[in-house]
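One structure is given below, encoded as structure tokens.
The values are calculated or read from the model by the stated rules, or taken from the named source; none is laboratory data. This structure is a prediction, so every number in the text was calculated from the model and none was measured. We place every Cβ from the backbone using ideal geometry, glycine too, and count neighbours over all the protein chains shown. Quick note on the areas: whole protein, heavy atoms, side chains included, nothing else; ligands and nucleic acids left out. Shrake-Rupley method; radii C 1.70, N 1.55, O 1.52, S 1.80 Å.
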Amino acid sequence: MRSKPCFVYVIGTIDVTERSSMRTYVGWSHDLITRISKHNTGMGAKSTRGRQWELLYVEKFFTRGDAMSREWHLKRDRKFRKSLLKNWAS
């Protein structure tokens, strides 16, 4: 039996009412569409609640371990996430 693919994603938001208005969030999921809709309805991670998020980047993996490893690396790569925001906002 083949396992479901995993997706590592970066979502972004811009909030003009906050001092640090542009933010990113990195996560992984088997069902990308459902997971992003949960973030946007306040049922996702606590740090994503109250904001509207858009998908900036996604990668597909065939094992959960590979996806979790890549998520860990992307969370630490602030330069990459900042470049995603810059390209998205312009």
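Some points to look at:
- Across the stretch 63-78, coupling constants 3J(HN,Hα) worked out from phi with the 6.51/-1.76/1.60 Karplus curve, θ = phi - 60°, read 10, 4, x, 5, 5, 5, 5, 5, 4, 4, 5, 5, 4, 8, 9, 5 Hz, and Gly and Pro carry x.
- Residues whose placed amide H lies under 5 Å from that of Leu56, excluding near-sequence neighbours: Val10, Ile11, Gly12
- Top of Thr34, Thr24, Thr13 by mean-square fluctuation, Gaussian network on the chain, Cα under 10 Å: Thr34
- Charge dipole (debye, nearest 20) of the chain; +1 at Cβ of Lys and Arg, -1 at Cβ of Asp and Glu: 220
- Set of aspartates and glutamates with alpha-carbon distance to Lys82 below 18 Å, sequence-local pairs under 8 removed: Asp15, Glu18, Glu54, Glu59, Glu71
- Each residue of the stretch 31-40 was assigned a 3J(HN,Hα) from its phi angle through the Karplus curve 6.51 cos²θ - 1.76 cosθ + 1.60 (θ = phi - 60°); the sequence is 10, 4, 4, 5, 5, 5, 5, 5, 4, 6 Hz, with glycine and proline shown as x.
- Rolling a 1.4 Å probe over the heavy atoms of the protein chains gives the chain an accessible area of 70 Å² per residue.
- Note on the chain: helix-only mean residue ellipticity at 222 nm, from DSSP H runs of 4+ residues weighted -39500 (n - 2.57) and normalised by residue number, equals -11500 deg cm²/dmol.
- Only one of (1) 56; (2) 46; (3) 50 was calculated from the structure for percent of Cα pairs over 17 Å apart, and its label is (3).
- In order through the stretch 51-62: 3J(HN,Hα) via Karplus (6.51 cos²θ - 1.76 cosθ + 1.60), integer Hz, x for Gly, Pro: 10, 9, 10, 10, 6, 9, 7, 8, 10, 10, 10, 9
- Here the chain has 54 percent of its accessible surface on carbon and sulfur atoms, given a 1.4 Å probe and all protein chains in place.
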